[in-house]
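Here's the structure we're looking at; comments come further down.
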Amino acid sequence: MSVFSAELINLELNAWDKTEAITQMALMVVAANRGTDVEQIVTDVLARDAMGTPQVDGVAIPHARSSGVTQSSVVVARTVGISFDPDEDPADVIFMILVPDGEGNEHIDILSGLARRLMDPDFTTALRTLGDAQSIADLLSIGQE
């Protein structure tokens, strides 16, 4: 099963800060039966975020291994802008990469693959303009599996 799924994509995330954004995204993971513990997911992502969150041209990529996750997943959200780093512009696209504890560096493999794709302006334009979750899931799944 792919780490990308239309049920893990929110095209209009309404959050006032990164903690609220991460919480709403963690709720999506649990609702999709890919996780069991929203609080644990939020705790783990925020702990990892304290070391810095990768950001590329307005796309933030918080990530973590978490015991609250049962299946590796990437949650995608578009927002009006959430600050993950005071030295960066607010992110209007967020990828939250989650893998279960014990999955080694799978989240780093996913992160590096996304980072490479984010260098393609056509890819980032599509992320910001495609009108439905399934189209974004399809875009993200290209070259996966």
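Any read-out appearing in this document is the output of simple, stated calculations on the displayed coordinates, not a laboratory observation. Since we're looking at a predicted model, the values are computed, not measured. Virtual Cβ from ideal backbone geometry, glycine too; neighbours counted across all protein chains shown.
Assorted remarks:
- Taking every Cα-Cα distance in the chain and sorting them into 10 Å bins starting at zero, the pair-distance distribution P(r) comes out as 12, 48, 36, 4 percent.
- Pairwise Cα distances in segment 1-70 exceed 18 Å for 38 percent of all pairs.
- Using a simple spin-label model with pseudo-atoms 7 Å out from Cα toward Cβ, D85 and D17 lie 2.0 nm apart.
- Each Cα pair under 8 Å and six or more residues apart adds its separation to the average, and for the chain the resulting relative contact order is 27 percent.
- Extension gain, T125 back to A32 (0.36 nm per residue minus Cα-Cα distance, nm): 30.8 nm
- In this simple spin-label approximation, D109 and D132 carry label points 7 Å from Cα along the Cα→Cβ vector, and these lie 3.2 nm apart.
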